[in-house]
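Accompanying notes for the structure given below.
Computed from the coordinates by the stated procedures, all read-outs in this text should not be read as laboratory data. Please read these numbers as outputs of a predicted model, since none were measured by experiment. For neighbour counting, all protein chains shown are included, and Cβ atoms are generated from backbone atoms with ideal geometry for every residue, glycine included.
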Amino acid sequence: METLKTMFMGYIKEVAGIAKAATVIRPDNVYQEADKRILPYLDKMVDELILPGSGVQGMEHLEALLDRAEAGESCLLALEHYSNMDLSLFSRLVRLASPRGQALDDALVSIAGMKLSEDNPVVSAFASAYTRIIIYPSRSLASLDEERRKAELLRSNAINRAATKMLLYLRGKGRVVLVFPSGTRYRPWDPSTKRGVREIDSYFRVFDWFCPVAFNGEVLHVRPGDMMEDSVSPDLVLVTAGPVRSSSEFREERRAAAEAAGIEDKKQAVADGIMAILEDMHRSAEAERLRRLEALK
């Protein structure tokens, strides 16, 4: 099986030569506008990896969310997360699915972990194809030893304060914020990566509406180590969007259920709730994906 680096070496060299992405994140550069020169390369990579029958289910829900955003309401997309190509797949497939797909793609602002910008300059270059607010994830801080964690705490706080300020500034300005509730790509050897992070509760607290999005099919497979060594293989990919829901109502439902069950950590209950929705959507969509795959034979 080929790796991301071996299959797309030609694209990698070209993108590395034109990208100007910041590789050190500071409070003054947490917001980064998309470099649209990079997007065509990612579109080509997606086109080479997706099989016929790939597409979007529930595009009407995504369009309904965009309508609300354009009307000045704050809107959130909550996506499953399996690989560093999830955003590329979502972007490409919604643009192919509907004339409104381009407007949705233009409105997107993704919440991205610092690792995509700082760990590998090639990954950073490709990530710069999309508009992002960059955060210092709690998982990254928790993984450090005590001495390093103390040294990084001030930096992480400063970066996350700046990111929150920008996030609140963009609310109601026609943008759709895209977030991965798990906070990281799912790694089959680490079940904890399938669990939602507590911080997702704050997004539901400050946004008016949200739309859950499930992913089925994998063209990029996570491996330990360098992200450019992730393996690639063609697959039929389905993006499934659920109905738009009130963020506050969902949040209160989950917190009330946690209270009734004697669960103290209400933030985690909200995170677990959105992950349960995504898991149910994923299981339902897989039957349709397998039907489409069978039709290709």
- Under a straight-distance cross-link criterion of Cα-Cα below 22 Å, which lysines are reachable from Lys13, leaving out those fewer than 8 residues away in the same chain? Lys5, Lys36, Lys44, Lys115
- Message: Can you compute the label reach from Glu70? Point 7 Å from Cα along the Cβ direction, backbone N cut-off under 14 Å, restricted to the stretch 208-240.
- Response: none
- Message: Quick check: the distance between the Cα centres of the stretch 128-184 and the stretch 90-117, to the nearest angstrom?
- Response: 19 Å
- Overall Cα dimensions of the stretch 226-279 - principal axes, largest extent first, Å: 45, 29, 15
- Extended-chain gain in nm, criterion 0.36 nm per residue less alpha-carbon gap, Ser143 and Glu252: 36.1 nm
- Item | Candidate lysines - alpha carbon under 26 Å from Lys266, same-chain residues fewer than 8 apart omitted | Lys165, Lys194
- Task: Run a plain Debye calculation on the stretch 98-235 (Cα atoms as equal point scatterers, no solvent) and give log10 I(q)/I(0) at q = 0.12, 0.13, 0.15, 0.19 Å⁻¹, rounded to two decimals, same order as the q list.
- Result: -0.58, -0.68, -0.92, -1.49
- Task: Specify the inter-centroid distance of the stretch 225-297 and the stretch 1-74, based on alpha-carbon positions, in whole Å.
- Result: 21 Å
- Run the numbers on the chain and let me know its relative contact order in percent, using alpha-carbon pairs under 8 Å that are six or more apart. 28 percent
- Task: Tell me, rounded to the nearest percent, the portion of alpha carbon pairs in the stretch 159-289 spaced more than 18 Å apart.
- Result: 62 percent
- Message: Need one number: nm distance between label points at Leu168 and Asp119, each 7 Å from Cα along Cα→Cβ, rounded to one decimal.
- Response: 3.0 nm
- Task: Determine the equivalent ellipsoid of the chain by diagonalising the alpha-carbon gyration tensor, then write out the semi-axes as square roots of 5 times the eigenvalues, largest first, rounded to whole Å.
- Result: 27, 25, 20
- Message: Can you classify the stretch 11-79 as rounded, prolate or oblate using the Cα gyration tensor, where a ≥ b ≥ c are the square roots of its eigenvalues, rounded means a/c under 1.5, and otherwise it's prolate if a/b beats b/c and oblate if not?
- Response: oblate
- If R0 is 25 Å, what FRET efficiency do you get for Glu48 and Ala16 from their C-beta distance, rounded to 0.05? 0.85
